[in-house]
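Contents: one structure, followed by commentary.
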Amino acid sequence: MVGNLYIIEKARLDDLIRLLREDGCRVVGPTIRDGAIVFDEIASAEQLPRGWTDVQEAGHYRLERRTDDAYFGYVVGPYSCKRYLFPPRQRLFSITRNGRPLSGFDVDVTSASPPRIAFLGVRACDLAALEIQDRVFNAEYADPYYRDVRRSAVLIAVNCSEPGGTCFCSSMQTGPRCTRLFDLALTELPAAFAAEAGTERGRALLERLSPQPADRNVQHLVELMLESAAEHMGRALDTRELPEILLQNPEHPHWNRVAERCLACANCTLSCPTCFCSNVEDSTDLGGSRAERWRSWGSCFTLEFSYHTGGFSRSSVRARYRQWLTHKLAGWHEQFGMSGCVGCGRCITWCPVGIDVTKEATTIADDVRRADVAERGARERSR
Ligand code: SF4
Ligand code: SF4
């Protein structure tokens with residue numbers, strides 16, 4: 001059953017959520033809150049954004065009614081799985097004096113009882129982001145909380161058939177089709193879901209939903225939908241030689257032009273599913289009997305983040321934007337063997353001034369490529 005395509009009725013979506021909850025999972029899925037589709041804990045399919053879509057452009061996000069009642073007729077909201085595996089603010093541990101002469105204090109570690117989470121509606125770009133975060137939090141040095149939540153997480157993915165205005169996963173080879181990491185991948189058709197199990201756990205889940213084998217027509221329809229989605233991305237990014245171009249052009253004038261617009265608000269890093277920087281703070285109570293260590297999301301866009309002995313290494317907004325973009329699209333390759341960008345478009349949508357990672361990188365890259373061609377031409381002519 002793993003790898004084959006099946007059909008499940010739309011009405012079984014509620015059963016899927018119920019089964020996951022019966023299996024002891026907190027089901028985290030898309031729901032509407034504060035004018036956006038966000039990931040949150042849900043208890044039934046009624047809480048899904050049925051019949052809604054999101055219209056996204058640079059610095060623009062609006063919900064609109066669809067003309068049909070699709071459950072997953074939107075792309076991605078500001079939240080991703082990151083919020084649950086690497087929470088925005090998290091107590092790492094607390095220490096309390098216990099008055100006993102030898103041990104002295106008790107340590108309470110937060111990761112001792114991680115929740116079991118079933119993510120419903122994860123897109124291909126978010127699966128790719130998870131793969132990246134695995135290399136940060138679950139590799140040689142594992143973050144215990146991340147490792148435990150990730151290990152028990154159930155991933156119910158949904159293929160994208162209608163990419164949004166800021167999506168460019170095709171360029172980053174991360175979507176729109178879910179190809180790995182998922183337990184179950186759904187494709188929403190007008191009257192049913194096409195479902196594919198990616199793991200034994202997904203197979204067991206699918207079996208409980210009375211699936212019917214998908215015939216050739218359904219398989220063909222799914223292929224057409226995903227091919228069409230790949231060809232209709234809202235954005236594109238030519239990644240050829242991009243790491244070299246960005247790293248070799250730290251003084252390109254376009255960095256200044258972006259810096260004039262950038263507010264250094266950090267929205268891009270906070271909404272990005274792959275950004276992983278954090279700050280750690282210790283605090284004690286006034287009586288000196290209890291201490292806590294907290295971790296919260298950090299951002300390379302803040303001045304303090306580049307502070308080290310002797311001052312700030314990135315004191316200008318230009319230096320901070322350049323650091324972020326070159327790390328995402330260039331340095332990450334050296335560090336993790338892959339790009340730090342999965343093409344989800346969140347940083348473009350949620351940037352209040354509409355700074356667009358695809359446009360800014362393309363402006364620099366096209367300029368450098370044009371200059372290279374002109375230089376080669378001049379050299380040829382002078383021979
Ligand atoms: S690029 Fe946009 S979202 Fe990011 S810090 Fe600058 S203004 Fe904020
Ligand atoms: S850099 Fe932007 S487009 Fe790329 S993964 Fe992060 S939020 Fe998504």
For this session: Would you please give the residues with an amide H less than 5 Å from that of VAL27, counting only those at least 5 places away or on a separate chain, with H modeled from the backbone geometry?
Result: ILE42, ALA118
Exercise. Once phi is turned into θ = phi - 60°, what whole-Hz ³J(HN,Hα) does the Karplus curve with 6.51, -1.76 and 1.60 give for every residue of the stretch 367-378, x standing for Gly and Pro?
Worked result: 4, 5, 4, 4, 4, 5, 4, 4, 5, 4, x, 5
Exercise. Arranged from highest to lowest average of other beta-carbon atoms within 10 Å per residue, in what order do the peptides 341-349, 132-140, 215-223, 12-20 appear?
Worked result: 341-349, 12-20, 132-140, 215-223
Exercise. Using a Gaussian network model of the chain with C-alpha springs under 10 Å, which one of ARG26, ARG177, ARG66 is most mobile by mean-square fluctuation?
Worked result: ARG66
For this session: Could you work out how far apart the two model spin labels at LEU102 and GLU64 are, taking each label as a point 7 Å from the Cα in the direction of the beta carbon, and quote it in nm?
Result: 7.1
Exercise. Among rounded, prolate and oblate, which fits the chain when a ≥ b ≥ c are the square roots of the eigenvalues of its C-alpha gyration tensor, a/c under 1.5 means rounded, and a/b larger than b/c means prolate?
Worked result: oblate
Problem set entry | Between the stretch 138-170 and the stretch 304-378, the Cα center-to-center distance that results, in Å | 23
Exercise. Given only helices, namely DSSP H runs of n ≥ 4 each adding -39500 (n - 2.57), what is the per-residue ellipticity at 222 nm of the chain, to the nearest 500 deg cm²/dmol?
Worked result: -9500 deg cm²/dmol
Seminar exercise, completed: Interchain or sequence-distant (5+) residues whose placed amide H lies within less than 5 Å of the amide H of ASN4 are ALA197
Seminar exercise, completed: The exposure ranking of LYS328, LYS82, fewest beta-carbon neighbours within 10 Å first, is LYS328, LYS82
Seminar exercise, completed: Computed ³J(HN,Hα) along the stretch 298-309: with the Karplus parameters 6.51/-1.76/1.60, θ = phi - 60°, integer Hz and x for glycine or proline, the list is x, 8, 6, 7, 8, 4, 4, 5, 9, 6, 8, 3
For this session: Quick one: among GLU304, GLU196, GLU162, which has the greatest mean-square fluctuation in a GNM of the chain with alpha-carbon springs under 10 angstrom?
Result: GLU304
Seminar exercise, completed: Within the set LEU48, LEU206, LEU224, GNM on the chain using Cα springs under 10 Å gives the largest fluctuation to LEU224
Problem set entry | Beta bridge orientation in the chain: antiparallel %, DSSP, nearest 5 | 80
Problem set entry | R0 of 56 Å, Cβ-Cβ distance GLU334-GLU9: FRET efficiency to nearest 0.05 | 0.70
Exercise. In nm, to one decimal, how far is the modelled label at ALA43 from the one at ASP285, with both set 7 Å along Cα→Cβ?
Worked result: 3.3
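Every read-out reported here was derived from the displayed coordinates using simple, explicitly stated rules and does not represent laboratory data. In this text, all values refer to a predicted model and were calculated from it rather than measured experimentally. Don't worry about glycine lacking a Cβ; one is built from the backbone with ideal geometry, like all the others, and counts go over all protein chains shown.
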